[in-house]
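A short write-up of the structure that comes next.
The values are calculated or read from the model by the stated rules, or taken from the named source; none is laboratory data. Just so it is clear, the model here is predicted, and its values are computed rather than measured. All Cβ positions, glycine included, derive from the backbone under ideal geometry; neighbour counts span all protein chains shown. Ligands, DNA and RNA are excluded from the accessible area calculation, which covers all protein heavy atoms including side chains. Shrake-Rupley method; radii C 1.70, N 1.55, O 1.52, S 1.80 Å.
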Amino acid sequence: MDKLSAEQRHKKAAIKQEQSDACISSAEREQARRSANMAAIHSKDTKLEMIVRRGLWSRGFRYRLNSPKLPGHPDLVLRKYRTCIFVNGCFWHGHHVALPQVNSEERIVNSSCCKIPNTNREFWVAKIRRNKERDKEEQRKLAEMGWHCITVWECELKSSKREDTLNSIAFTLNHIWMQDHQVVAKPYLQSEEEEGLQKAAEEEI
């Protein structure tokens, strides 16, 4: 049998690849593309997280990142304030989007910061619904453990709102600390001597 040249082998491999690609349905290709896009998204050290980190650090707050021991692996953990901070993208967590119950015919209305695509809409709705339900459950668990939770949204970190948002977070953290460490004043009890002096002063008047 004659040996194939390198060029012939290359052409033969290309033909096989074309035949293989032809057998893949458009749905499978879409699924592969979607998986690749999802894999390219970084869940740590995002631009939004870095904005919050730098803003809080410059205001004197110290924190730990992505604690694996806490439900939901909060983006920032401030133990001194018993507070977990989640920095959420508006689209992925359905900010201001009310999702009706499963199989409901109620129409889903997009918000100004979360617009669900019409393409593969059922997929995106299901994914966002799972994210919202998971967020709620994780924060419920944290509350039961005695943690406060703060959610910072992507739209709140736009340049026009960023400083106000960071100042608001700082105010909330300080308020939490003061509440957790407030000293309850005990009623002052006068001694008999002090009571006598007070009566004498009243009689002179």
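Before I look further, what does the stretch 42-185 give for accessible area per residue, probe 1.4 Å, in whole square angstrom?
Details: 9280 Å² over 144 residues.
For the stretch 42-185, the per-residue accessible area is 64 Å².
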Calculate how many DSSP beta bridges within the stretch 64-189 are antiparallel, expressed in % of all such bridges and rounded to the nearest 5. 45 percent
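Which of the trypsin sites (Lys or Arg not before Pro) found in the stretch 116-166 are in a DSSP loop and have at most 15 neighbouring Cβ atoms, other than their own, within 10 Å? It would help to have the intermediate numbers written out before the result.
Numbers: sites: Arg121, Lys127, Arg129, Arg130, Lys132, Arg134, Lys136, Arg140, Lys141, Lys158, Lys161, Arg162; in loops: Lys158, Lys161.
For trypsin sites (Lys or Arg not before Pro) across the stretch 116-166 that sit outside H, G, I, E and B with at most 15 neighbouring Cβ atoms in 10 Å, the list reads Lys158, Lys161.
For Thr172 and Thr151 in one chain, what is 0.36 nm times their gap in residues minus the Cα-Cα distance, to one decimal in nm?
On the way: separation 21, 0.36 × 21 = 7.56 nm, distance 1.17 nm.
Extending this stretch completely gives an extra 6.4 nm.
Roughly speaking, what is the stretch gain from Arg162 to Lys80, that is 0.36 nm per residue apart minus the C-alpha to C-alpha distance, in nm to one decimal?
Computed gain between Arg162 and Lys80 is 27.1 nm.
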I need the peptides 85-95, 55-65 ranked by packing, meaning the mean over residues of other C-beta atoms within 10 angstrom, with the highest value on top. 85-95, 55-65
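Given Cβ point charges of +1 (Lys, Arg) and -1 (Asp, Glu) and nothing else, what value in debye, to the nearest 20, does the dipole of the stretch 104-164 about its Cα centre take? Spell out each step's value before the answer.
Numbers: 14 positive and 12 negative charges, 40 e Å.
So the magnitude is around 200 debye.
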For the pair Ser112/Arg134, report the inter-label distance in nm, with labels modelled 7 Å from Cα in the Cβ direction. 2.9 nm
Cα-centred dipole magnitude for the stretch 75-126, charges only on beta-carbon of K, R (+1) and D, E (-1), debye, nearest 20: 380 debye
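Name the GluC sites (Glu not before Pro) in the stretch 40-138 that are in a loop by DSSP and that have at most 13 other C-beta atoms within 10 Å, would you?
Passing both the DSSP loop test and the Cβ count: Glu105, Glu106.
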